[in-house]
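Notes for the one structure printed next.
The values are calculated or read from the model by the stated rules, or taken from the named source; none is laboratory data. The structure displayed is predicted, hence computed values, not measured ones. Here the Cβ positions follow ideal geometry from the backbone for every residue, glycine too, while neighbour counts run over all protein chains shown.
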Amino acid sequence: MNIARTCLLAIALLATPGAGRGWGNDGHLLILDSALAVLPDAVRRIYAPGADRIRTYAVEPDRHSVVPAEGSRHYIDIELLDPAFMSGLVKELAKDGSAQGLADEDARGIAISFERGFFSRRPPPWSANETGRLWESLPPDLPAFRSAYPGMETIVGTVVYQPFLYTRALARAIREGDRQWILIYAGLLAHYTGDLFVPLHATIDYKGQYSGNLTFNDGKNGRGDVHSRFETAFVRHRLDSLRTANAARRREPKTIALAGITPAAINAGSVSYALIDPILASDRKAAAKFDPARAWARYATEVGPVFEPALIDRISLASNMLADLLLTAATVNLDTPEASGKIGER
């Protein structure tokens, strides 16, 4: 079976693994406010009059992340690019004859079943040696990703490509003086740049479902799985101290060449991945002692020595990168080959 044809089928069949993931509102707004605060006065004046609307747009994408085309912009599940996974999925679909003859629900069941079996046998997070080659092999831009992995973007995720796309779109809106789209693109750029730095946005094991971490239905409290506990509930729990620590790590922004944005984003994802194992291990240990649904304060104290430094690191790096991108959008030369194309590439 042709892998391109199979991947195109799979895009509509595999449940979107990353839907609903992202910093909670507190984390996204902390990152945005910090970035805006360090911009030079002349650049800040571009954004400041509409700061409240930018803040609204910065949290809006999470409301729509259950839609695969939107949700996939928030994460990249790097293990799905493993050749063994890709080829194995093709073989599973081929077992039932022509993939074109499978009903959507039949093929979806096959794909999800294969994913669960595959990662139950090889639970993430994987070693740096295993994932390093996957990060290094990522195509340089979204069109190249689509060419290399046809139809797979809503399965694998494309967060590493979003900062470039929205920086370029924002730069165009600024050059054209389009106030509405300046505010929209600035908010969306803030959102996806923030998501890039969430460690559990870089793995298929984002809920710890393959590594034995506690999951339960928790409504909107943000304590029902390790991803929510780390990036929503704990951020809310320690927001003041995280804000203070982040302020101490602010630096003056610098421009980034457009061609350097995606390599920097891929590196950020790779570095984030290295934090996954200690986060998952700390959560398992703490949840075994204290039920996060009923003894949240004691759970939070237990995970604090791992969660808090990781959050300070990721939030401060996200804030600094976002400031760089907001500055870049306001000053970049759009008459370059890198600036060609449209936001509608997606």
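Run down A310, A264 and say which single residue is of a type in the set (G, A, S) and within 23 Å of P124 (Cα to Cα).
Only one candidate passes the filter, namely A310.
Residues are listed down the side, and each one gets a yes or a no for (1) at pLDDT below 95; (2) farther than 21 Å from Y192 by Cα; (3) surrounded by fewer than 22 Cβ atoms within 10 Å (Cβ to Cβ); (4) of a type in the set (K, R):
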| position | (1), (2), (3), (4) |
| --- | --- |
| S270 | no, no, yes, no |
| A286 | no, yes, no, no |
| P292 | no, yes, no, no |
| V306 | no, yes, yes, no |
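Hey, any hits in region 213-221 for a residue that's in contact with a helix residue (DSSP H, G or I) (Cβ under 6 Å, 6 or more places away or on another chain) and surrounded by fewer than 21 Cβ atoms within 10 Å (Cβ to Cβ)?
yes
Inspect all residues belonging to region 135-145 and state whether any of them is crowded, with 21+ Cβ neighbours inside 10 Å, assigned to a loop (DSSP other than H, G, I, E, B) and hydrophobic (A, V, I, L, M, F, W, C).
The answer is yes; a qualifying residue exists.
Which members of region 133-144 meet the condition of being closer than 17 Å to L258 by Cβ and without any contact (Cβ under 8 Å) to a residue 24 or more places away in the chain?
Residues satisfying the conditions are P139, A144.
Step by step: first the residues of region 187-212, then only those that are of a type in the set (D, E, K, R) and either surrounded by 24 or more Cβ atoms within 10 Å (Cβ to Cβ) or touching a residue at least 24 places away in the same chain (Cβ under 8 Å) (or both), then the one that is farthest from A51 (Cα to Cα). Which residue is that?
Only one residue fits best here, namely D205.
It is to be established whether one or more residues within region 112-121 are within 28 Å of H191 (Cβ to Cβ), in a helix (DSSP H, G or I), among the charged types (D, E, K, R) and at pLDDT below 90.
Yes - at least one qualifying residue is present in region 112-121.
How many residues are part of a helix (DSSP H, G or I) and touching a residue at least 40 places away in the same chain (Cβ under 8 Å) if we restrict to region 229-262?
20
Which of the residues that make up region 266-283 are of a type in the set (S, T, Y) and free of Cβ contacts under 8 Å to residues at least 60 places away in the same chain?
Residue satisfying the conditions is S282 alone.
In region 206-233, what residues are touching a Gly at 6+ places or on another chain (Cβ under 8 Å) and of a type outside the set (S, T, Y)?
Of everything in region 206-233, those that are touching a Gly at 6+ places or on another chain (Cβ under 8 Å) and of a type outside the set (S, T, Y) turn out to be L214, F216, N217, D218, G222, D225, V226, H227, R229, E231, A233.
Would you point out the residue of region 61-71, among those that are part of a helix (DSSP H, G or I) and in contact with a helix residue (DSSP H, G or I) (Cβ under 7 Å, 6 or more places away or on another chain), that is nearest to G194 (Cα to Cα)?
Among those residues, the one meeting the criterion is P61.
For region 284-304, indicate whether the set of residues that are under 23 Å from V160 (Cα atoms) and either in contact (Cβ under 8 Å) with a residue 24 or more places away in the chain or assigned to a helix (DSSP H, G or I) (or both) is non-empty.
So in region 284-304, the residues under 23 Å from V160 (Cα atoms) come out as none.
Checked against the condition, which is being under 23 Å from V160 (Cα atoms) and either in contact (Cβ under 8 Å) with a residue 24 or more places away in the chain or assigned to a helix (DSSP H, G or I) (or both), region 284-304 yields no hits at all.
Of the residues that sit in region 261-277 and are of a type outside the set (A, V, I, L, M) and over 14 Å from A202 (Cα atoms), which one is farthest from the chain's Cα centre (by Cα)? Steps first, answer last, please.
Step one: of region 261-277, the residues of a type outside the set (A, V, I, L, M) are 262-263, 267, 269-270, 272-273, 277.
Checking which are over 14 Å from A202 (Cα atoms) leaves us with 262-263.
Numbers: T262: 13, P263: 15 Å.
For region 261-277, the residue satisfying everything is P263.
Which one is surrounded by the most Cβ atoms within 10 Å (Cβ to Cβ) among residues in region 48-92 that are among the aromatic types (F, W, Y) and touching an Asp or Glu at 6+ places or on another chain (Cβ under 9 Å)?
Of region 48-92, the ones among the aromatic types (F, W, Y) are 57, 75, 85.
Filter once more, keeping what is touching an Asp or Glu at 6+ places or on another chain (Cβ under 9 Å): 75, 85.
Working: Y75: 29, F85: 18.
Among those that are among the aromatic types (F, W, Y) and touching an Asp or Glu at 6+ places or on another chain (Cβ under 9 Å), it is Y75.
The rows are residues; the columns are (1) of a type outside the set (D, E); (2) part of a helix (DSSP H, G or I); (3) at pLDDT below 80.
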position	(1), (2), (3)
R5	yes, yes, yes
L8	yes, yes, yes
L13	yes, no, yes
R21	yes, no, yes
H28	yes, yes, no
I31	yes, yes, no
A35	yes, yes, no
I46	yes, yes, no
A58	yes, yes, no
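With the structure loaded, tell me whether L39 is in a helix (DSSP H, G or I), at pLDDT 95 or above, over 17 Å from Q180 (Cα atoms) and in contact with a helix residue (DSSP H, G or I) (Cβ under 9 Å, 6 or more places away or on another chain) or whether it fails that test.
The answer is no for L39.
I'm trying to understand the selection: among the residues of region 311-334, which are of a type in the set (A, V, I, L, M), crowded, with 20+ Cβ neighbours inside 10 Å and within 17 Å of the chain's Cα centre (by Cα)?
Looking only at region 311-334, we keep the residues that are of a type in the set (A, V, I, L, M), and these are 311-312, 315, 317-318, 321-323, 325-327, 329-330, 332, 334.
Pick out the ones that are also crowded, with 20+ Cβ neighbours inside 10 Å and you get 311, 315, 318, 321-323, 325-327, 329-330, 332.
Those that are of a type in the set (A, V, I, L, M), crowded, with 20+ Cβ neighbours inside 10 Å and within 17 Å of the chain's Cα centre (by Cα): L311, I315, A318, M321, L322, L325.
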